[in-house]
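This report refers to the structure that appears directly beneath it.
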Amino acid sequence: MHCQSLVDVPLDELHATFLEAFSDYLIPMFPSTERFARKLKADGFDPALSAGVMVDGRLAGFILNSIGTWQGKKTAYNGGTGVVPAQRGRHFTQLMYEWLRPHLQAAHVEQCLLEVLTPNLPALRSYKNSGFRTERTLACFQGWVQPPAQLPSGGKIEALSFDRWPTLAAWQATPPAWQNHADVLVRAPDQREIWGLYHQNDLIGGAMYIPETNQVAQLAIRPDRRRQGWGTFLMLYLGSLRNEPLRVLNVDRRHPDAISFLESLGLTVFIDQYEMRLTLA
């Protein structure tokens, strides 16, 4: 048994191990090879600064790291830790982080970041034993957007080019989690859509939407137009794009206005996550 980077691990082998490791996960995850590859691209997966555990020549565990900037620091974000069921209980997560630490420090990475489902107590213990500490709790919503009794009039929604997003992002009321922050979202513009909300030809808000997962990644309403029904107007439109429940992930529970807004639309929390951080510097 030994640890190594994932540079020389073929995509098919990594995908097969991912499926096996997540076969009994709390939330079903069975992506095709193509969808798994798109996830890695969107995450900014860096195989050189990721880790795998090899047992008898076979990949038995992994940490899928992406490198970026978080709160001004170079950060390794863990987009997925997995260990195949037959090898659990051998502290592979701690072993991989011990192996990763000098490699990340050599690359001037200052911290590691991840999210873990709150009911996943074995994973939570592994991360705490690796030195991670909880930063905040994030709520994950899904559901059918319910139309209100009354909506504002004179609004229209149009597709926007990706370069318009910085204008909209400046209007966000709450800071996003890693997977929804700007540096990550721009890595795969072909997997995102930008929708602008206009009132009498005046841009007053917008959203970044991920069609493949029917997910609202970011929502922004201009500060002077909040609490007028425009957020509901926009979410009702986004909820009509596909015939399945709309998802909004990783909403900071420290922001009750955001939680109340989503609940008022008829969305409900299906799981909570802890955001956790490990300081390397």
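The values are calculated or read from the model by the stated rules, or taken from the named source; none is laboratory data. Only a predicted model underlies this, so the values are computations on that prediction, with no experimental measurement involved. Counting neighbours? That spans all protein chains shown, and the Cβs are built from the backbone with ideal geometry, glycine included.
Matching residues to (1) farther than 28 Å from Glu212 by Cβ; (2) of a type in the set (Gly, Ala, Ser); (3) outside the structural domain of Gln179 (by TED's automatic domain parsing); (4) surrounded by fewer than 21 Cβ atoms within 10 Å (Cβ to Cβ):
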position	(1), (2), (3), (4)
Ser23	no, yes, yes, yes
Met29	no, no, yes, yes
Leu49	no, no, yes, yes
Gly57	yes, yes, yes, yes
Lys74	yes, no, yes, yes
Arg88	yes, no, yes, yes
Trp99	yes, no, yes, yes
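Just to be sure, is Leu114 in a strand (DSSP E or B) and of a type outside the set (Phe, Trp, Tyr)?
When the stated conditions are applied, Leu114 passes them.
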(message) As an exercise: evaluate Gln146 against (1) farther than 21 Å from Gln179 by Cβ; (2) among the polar types (S, T, N, Q); (3) within 18 Å of the chain's Cα centre (by Cα) and give the number of the one condition it does not meet.
(response) (3)
(request) Go through Leu95, Leu104 for me and flag whichever is crowded, with 19+ Cβ neighbours inside 10 Å and touching a Cys at 6+ places or on another chain (Cβ under 8 Å). (result) Leu104
(message) Looking at the stretch 6-58 only, could you name the residues that are in contact (Cβ under 8 Å) with a residue 60 or more places away in the chain and touching a Gly at 6+ places or on another chain (Cβ under 7 Å)?
(response) Thr17, Phe18, Ala21, Phe22, Asp43, Gly44
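At least 3 residues that are hydroxyl-bearing (Ser, Thr, Tyr) and within 29 Å of Pro176 (Cα to Cα) in each: list the strands (runs of 3 or more DSSP E) lying fully within the stretch 23-108 that qualify. Please lay out each step first, then the result.
Working: elements: 51-55, 58-70, 73-83.
In the stretch 23-108, the matching strands (runs of 3 or more DSSP E) lie at 73-83.
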(request) Taking Ser5 as meeting all but one of (1) modelled with pLDDT of 95 or more; (2) crowded, with 18+ Cβ neighbours inside 10 Å, write down the number of the exception. (result) (2)
(message) Of the residues Thr213, Thr167, only one is closer than 30 Å to Leu124 by Cα, of a type outside the set (Phe, Trp, Tyr) and at pLDDT below 95; which?
(response) Thr213
(message) Report every pair of residues separated by at least 6 positions or lying on different chains whose Cβ atoms are under 7 Å apart, first residue within the stretch 177-198 and modelled with pLDDT under 80 and of a type in the set (Val, Ile, Thr), second outside any strand (DSSP E or B) and surrounded by 15 or more Cβ atoms within 10 Å (Cβ to Cβ).
(response) Val184/Gly44; Val184/Trp178
(request) Just give me the residues in the stretch 248-274 being buried (at least 16 other Cβ atoms within 10 Å of the Cβ) and touching a helix residue (DSSP H, G or I) at 6+ places or on another chain (Cβ under 8 Å), in sequence order. (result) Val248, Leu249, Asn250, Val251, Asp252, Phe261, Leu265, Tyr274
